[in-house]
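Single-structure report; data block below.
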Amino acid sequence: MSAGLTTSASGETAHTLILVGLILQGIQVAIVLGIGFLVVLAPGLGGIIFGAAAIGILWIVLVYSFSYRRTEEGDYEGARTPTLVFGILSLLGLGLISGILYLVAYSKLGDAIDETTDVTPPWNPPAPISGMKYCPACGRPSPSSSRYCQSCGARFL
Ligand SMILES: [Zn+2]
């Protein structure tokens, strides 16, 4: 089983955090659009506001596809870096609360990766056999008299 295909509690938390961040920014865009409609009769200002709203919608599509969808699919590794970038950019922009949510989600995604990564036990060397020595390169035994590893050919010191 590889990392990312299993769901984890932290992954679920990250998923929810990103969703709330998206909803908040969606509301912001809706407000900006609403203002745009109100001032649509003032052409210059309306254009600027619709431009801002268009950027906001593009942003939400980006967060949705790179953070939200990937987290939903259990691709925590793939969602993690975009979520960090979205968090920082949101903090720099107007989305303070969303930015914090994304950054918390980013750290939760890190936990989720840990939780879903298979913990493989450290490689255990075989029990020493008398009359054998162990290759420093591959760890396999060879007779004590040999000058080269019988498994990989590395030279013994
Ligand atoms: Zn060897």
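The values are calculated or read from the model by the stated rules, or taken from the named source; none is laboratory data. From a predicted model like this one, the values you see are computed outputs, not experimental measurements. Don't worry about glycine lacking a Cβ; one is built from the backbone with ideal geometry, like all the others, and counts go over all protein chains shown.
Restricting to segment 128-145, what's the tally of residues that are near the ligand (Cβ under 10 Å from one of its atoms) and among the small types (G, A, S)? Talk me through it step by step, then tell me what you get.
The initial filter retains those residues of segment 128-145 that are near the ligand (Cβ under 10 Å from one of its atoms), namely 134-142.
After this cut, where a residue has to be among the small types (G, A, S) as well, the list is 137, 139, 142.
Here the count works out to 3.
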Practice problem: Residue by residue through segment 74-107, note down the ones that are outside any helix (DSSP H, G or I) and without any contact (Cβ under 8 Å) to a residue 12 or more places away in the chain. | Solution: G93
Quiz item: Mind checking whether some residue in segment 108-121 is within 16 Å of the ligand (Cβ to nearest atom), loosely packed, with under 13 Cβ neighbours inside 10 Å, assigned to a loop (DSSP other than H, G, I, E, B) and modelled with pLDDT under 85?
Solution: no
